[in-house]
Amino acid sequence: MATEVLADHRALRAGRRERALAQMEKHDLDVLVLGRQANVRYVSGTPQLWVAGTRPFGPTCVVIRETGAIHLLSTWDEGVPDDIPHENLYGISWNPMNTISVLKGIDGASTAKRVGTDALSPGFAQLLPMAFPNAELVDGELAMRAARRIKTAEEVAALREAIRVAEVGLAAAVAELRPGISEKTLAGVLLEAMAAGGVSTPVTQDAAWVTSRDHPWRRASADGRVQAGDLVAFSSGVLDGGYAGEVGRTWPVGKLDGAADLYRRWNALWGRLYQGCRPGAPAIDLLAAYQAAGEELPPMPIARGLGLGFDPPVVSQHLPATAAEERLEPGMVLAVTGYVWQSGVGAVFGREAVLITSDGPEILTSSAFASVAVGS
Amino acid sequence: MTTPTSFLAAPSSALDIPETPDLERMRRETGARLRSAMADRGVDALILLGNNSVVYATGVSWPLGDAGLSYVERPVAVVLADDPHPHLFLPFREGASSESGLPADHLHGPVYLEFDEGVENFARVVEDLVPAAAVVAVDELTGAMRRAQPRLFRSGRPADAAQIVGAAKLIKTPDELSCIRTACRITDAAIVDVQAALAPGIRQIDLSAGFTRRAFELGAMASMLEPIWQVMPKNKADGVWTTHGDLALPLLTTERELAVGDVLWTDVSITFQGYCSDFGRTWVVGEEPTPRQHAQYHKWREIMDAVLDVTRGGATAAELGRTATKANGGTRPWLPHFYLGHGIGVNAAETPMIGTDLGDEFDENFVLEPGMVLVLEPVVWEDGTGGYRSEEVIVITEEGHIRLTDYPYHPYGER
């Protein structure tokens, strides 16, 4: 981060826009109306205020395929690249009818035949036809997802930097781990360190938790405090320049019986997951890695694309058919999760960022693993 | 049929707000409000995807994450008009701490509504829960949901659930007020340390770092927006270009070092049990405000006092706006892209919004009722002073209002 709000640099913007326009052509979309922050950042290259949680759909950015013009909801031009001229900016509005009249006036709106949106609300489903009177409204998220799926070289560089900041946060929190500290304080330490490192926009604020000895994944601690003998999971994630960097680790507090064996199981599982991250491999191989290691599949996705928010593939035991159809390709960056649990001991959770290259997987994360017990 | 529920009376003083929220009662009462809003609109079932709506409808709360990831790993709620308990589909972790409030047969595994396979799985459950003829409302449709519309919404096009949740949320139960007040107290306490650290040479981002750490230590569940410490321009004409020619707000925090005399407009928000705080004050870095800057505060104070004087159950939003404008000498004391004030609850800003481009008619027709919560945030500006902006969080009562915050206005306020 700098001392001023800057647009994403030209090469990053150009590579992404080219991919987005190519997918618009492939999906036969004349116009894209985007509301999701990740998509808006992808095509506009403009930093926007980070707000926690999902946002309701609203037309925040409009892309016209024929001219490549970008129209952006932004009341000011700070951080807006110079290829989006002032006349293409429209201000914050609380009245959807005013937004619709802005869209109506965009060159190409009246003649568009197919308009894609990245999500939709019943309200805008009714209003958008007023702005695009000759168009069929279709799903535009598939096109954006296809564009985001493979990272350009500039995107990979941005992801490396985001991961670096996430690892700074993780290290700071691990250094504070001791009996009596609360999960929230650990989260506060982690978020503080990432902000001091220049980024105040987290991917996750659920940053540290005592793993349960009694249940494969529920929260263990009623009062949210760490005790000697706990296995404490850390999930550090930061959105840096719009890109999600993530890393996960688990550290024991003091000595605990059975922990060494659990870490060994995690290592064995990770070896198989790593093997699964080959270019050309079906994503379902990652689910199979758990089975081959004899580990139960955890309830969370065991892999998902890292980029601006979530990207394909999302590999979950709840989406086996999706995982079977999806193939890993060079240029994908995945957050891959290993999760093992032992009754009476707790869980070891570890998350690595993996770049798929034509030569095989490259692990982008480098945080230390627990090898000896900390605290006491 | 809807279970009849007697609501606790709207509070008339701060004493009527419980010190600690009863979360089970809160969920019961917000649930009853929601089902009553459904009944008013003839809706039999709600499918809710938006994080804030799910918090409101189910009472679960979790540290909200980035939007991008939240689309794929998010809780989903299904609310039925004749069932006091919502159905909840939970991903790993999210809401796990609060899940015990719901019967086991209402808790489901995660659903992935971004994917056709995920929607297919979800539709099978919905078919069991929601009768084919039921009128269904939804707040968001993913692409995969749009492709599966005939299956998901068997009685036809879904209604807009945002309107229904919005109507229910307008009036807060005493336990919701307790959550908002606790969120505000945590925020105010965390800000004390931030303001103490304010000095020339500190970076904007260091204020964010210190605030976040302290807020979490004090029990915040999540930060709701990246903290804002905007350095105001000397003159409006020196500020960044805007679509309306007035001031920009909020501009993003950077690693910029603060200098003596910088005027900061601050804005932060955190959650407690899913309910938001709001905090805004104007600060000067490294020196006392000048007499002209103090005068800005006093003008702001006059406007705020005039507005608070007319703020009570039965007043219209337009009345508050007119009063503020009159106290400001005929000019609206707020930025064109914002408002004089807004509601707050599970969203950091929600209906009612006073003085927006929704227009005068909306404001004339919007009547304040006891139990509504407002954040009032007038803005005054005179070139050369950096202006003044602060926020007050109040609960509307029959007779007037209750303040939920008492953070001082230092270094402004005294000449």
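What whole-number value in Å² describes the accessible area per residue of segment A:71-161 for a 1.4 Å probe? Display every interim value, and only then the final one.
Working: 3500 Å² over 91 residues.
Averaged over the residues of segment A:71-161, the accessible area is 38 Å².
By the gyration tensor of its Cα atoms, with a ≥ b ≥ c the square roots of the eigenvalues, what is the shape of chain A: rounded for a/c under 1.5, prolate for a/b over b/c, or oblate? The partial results should precede the final answer.
Working: a/c = 2.24, a/b = 1.80, b/c = 1.25.
Note, shape of chain A comes out prolate.
Near B:F115, within a Cβ-to-Cβ distance under 14 Å, what is the net charge of the other residues, with Lys and Arg +1 and Asp and Glu -1? Before the final figure, lay out the partial values.
Working: positive: A:R145, A:R149, A:R304, B:R74, B:R146, B:R147; negative: A:D139, A:E141, A:D311, A:E325, A:E326, B:E73, B:E114, B:D116, B:E117, B:E120.
So the surrounding residues net to -4.
Could you work out the helix-only [θ] at 222 nm for chain A, with each DSSP H run of four or more residues adding -39,500 (n - 2.57) and the total divided by the number of residues, to the nearest 500 deg cm²/dmol? After summing the helix terms and dividing by residue count, I get -10500 deg cm²/dmol.
Of the residues in segment A:103-143, those shielded by at least 40 Å² of accessible area once partner protein chains are present, compared with the chain alone at a 1.4 Å probe, are A:L120, A:P122, A:D139. Post the alpha-carbon centroid distance, segment A:203-226 to segment B:35-94, in whole angstrom. Segment A:203-226 and segment B:35-94 have Cα centres separated by 23 Å.
Note on segment B:41-168: with charges restricted to the Cβ of Lys and Arg (+1) and Asp and Glu (-1), its dipole about the Cα centre is near 280 debye. Over the residues of chain B, the helix contribution to mean residue ellipticity at 222 nm works out to -10000 deg cm²/dmol, using -39500 (n - 2.57) for each DSSP H run of at least 4. Annotation: per residue accessible area for segment A:224-350 equals 31 Å², rounded to a whole number [probe 1.4 Å, protein chains only].
Angle between the Cα long axis of helix A:122-131 and the longest principal axis of chain A, 0 to 90 degrees, nearest 10? It is inclined by approximately 30 degrees. Comparing each chain alone with all protein chains together (probe 1.4 Å, DNA, RNA and ligands left out), the residues of segment A:1-15 losing at least 30 Å² of accessible area are A:M1, A:T3, A:V5.
Phi angles of segment B:106-116 translate, via the Karplus equation with coefficients 6.51, -1.76, 1.60 and θ = phi - 60°, into HN-Hα couplings of 9, 9, 10, x, x, 10, 10, 7, 7, 10, 4 Hz per residue; Gly and Pro are given as x. Reported to the nearest whole Å, the Cα centre-to-centre distance from segment B:373-396 to segment A:126-184 is 33.
Springs between Cα atoms under 10 Å define the GNM used for chain A, and in it the highest mean-square fluctuation of A:G331, A:G197, A:G344 occurs at A:G344. Here the Gaussian network model covers chain B, with springs between Cα atoms less than 10 Å apart; of B:A144, B:A349, B:A318, B:A144 fluctuates the most.
How would segment B:174-403 be classified by its alpha-carbon gyration tensor: rounded, prolate or oblate, with rounded meaning a/c under 1.5 and the a/b versus b/c comparison settling the rest?
Here segment B:174-403 falls in the oblate category.
Would you tally the net charge around A:D107, using a Cβ to Cβ cut-off of less than 14 Å, leaving A:D107 out, and scoring K and R as +1, D and E as -1? Summing Lys and Arg as +1 and Asp and Glu as -1 gives -1.
Total buried accessible area between A and B, probe 1.4 Å, nearest 100: 7100 Å². The antiparallel fraction among DSSP beta bridges confined to segment B:41-168 stands at about 50%. Relative to the longest principal axis of the Cα atoms of chain B, the long axis of helix B:291-310 makes an angle of roughly 40 degrees. Looking at the protein assembly as shown, send over the antiparallel percent of its DSSP beta bridges, to the nearest 5. Given both bridge residues lie in the protein assembly as shown, the antiparallel proportion sits at roughly 85 percent. Apolar share of the accessible surface for segment B:41-168: 51 percent from carbon plus sulfur atoms, 1.4 Å probe.
Sorting check: for A:303-311, B:48-56, B:181-189, which peptide has the highest mean count of neighbouring beta carbons within 10 Å, and how do the rest follow?
Details: A:303-311: 26.0, B:48-56: 27.6, B:181-189: 22.3.
The most tightly packed comes first, giving B:48-56, A:303-311, B:181-189.
Charged neighbours of A:D261, selected by a Cβ distance under 15 Å, balance to +2 (K, R count +1; D, E count -1).
Karplus-based coupling profile of segment B:364-377, in residue order and whole Hz: 5, 8, 8, 9, 5, 10, x, x, 6, 10, 10, 9, 9, 9, with θ = phi - 60° in 6.51 cos²θ - 1.76 cosθ + 1.60 and x standing for Gly or Pro.
Counting only protein heavy atoms and a 1.4 Å probe, chain B has 34 square angstrom of accessible area per residue.
Shape verdict for chain B, please, from the Cα gyration tensor: rounded (a/c under 1.5), prolate (a/b greater than b/c) or oblate. It comes out prolate by the Cα gyration axes. Among B:17-27, B:263-273, the peptide with the highest mean count of other Cβ atoms within 10 Å heads the list, and the full ranking is B:263-273, B:17-27. If I build a Gaussian network model for chain A, linking alpha-carbon pairs within less than 10 angstrom, which residue out of A:M194, A:M24, A:M300 has the largest mean-square fluctuation? Of the options given, A:M300 has the highest mean-square fluctuation.
What angle do you read, to the nearest 10 degrees and between 0 and 90, between the alpha-carbon axis of helix B:317-327 and the longest principal axis of chain B? So the inclination is approximately 10 degrees.
Sequence-distant contacts, meaning Cα pairs under 8 Å at least 6 residues apart, place the relative contact order of segment B:174-403 at 20 percent. Each part reduced to its alpha carbon centroid, segment B:156-179 and segment A:325-374 end up 40 Å apart. Close amide H contacts of B:L141 (hydrogens built in the peptide plane, cut-off under 5 Å, sequence separation of 5 or more or a different chain): A:L120, A:S121.
Going from the chain on its own to the full set of protein chains, segment B:299-346 has these residues losing 10 Å² or more of accessible surface (heavy atoms, 1.4 Å probe, no ligands, DNA or RNA): B:H337, B:F338, B:Y339. Counting only aspartates and glutamates at least 8 places from A:K113 when in the same chain, those with an alpha carbon closer than 16 Å to its own are A:E25, A:D28, A:D30, A:E66, A:E136, A:D139. Site pair A:L297 and A:D261 shows an inter-label distance of 2.6 nm when each label is modelled 7 Å from Cα along Cα→Cβ. Note that segment A:41-56 has calculated 3J(HN,Hα) couplings of 5, 4, 8, 9, x, 10, x, 10, 4, 7, 10, 5, x, 5, 10, x Hz, one per residue in order, obtained from phi through the Karplus relation 6.51 cos²θ - 1.76 cosθ + 1.60 (θ = phi - 60°); glycine and proline are x. In the structure shown, the pairs A:K26/A:K104; B:K172/B:K299; B:K169/B:K236; A:K151/A:K184 are assessed against 29 Å; a Cα-Cα span above that value is assigned to B:K172/B:K299; B:K169/B:K236; A:K151/A:K184.
The values are calculated or read from the model by the stated rules, or taken from the named source; none is laboratory data. Remember, predicted model here, so these are calculated numbers, not experimental data. Quick reminder, even Gly has a Cβ in these numbers, built from the backbone with ideal geometry, and neighbours come from all protein chains shown. Please note that ligands, DNA and RNA were not included when accessible areas were found on the heavy atoms of the full protein model with its side chains. Shrake-Rupley method; radii C 1.70, N 1.55, O 1.52, S 1.80 Å.
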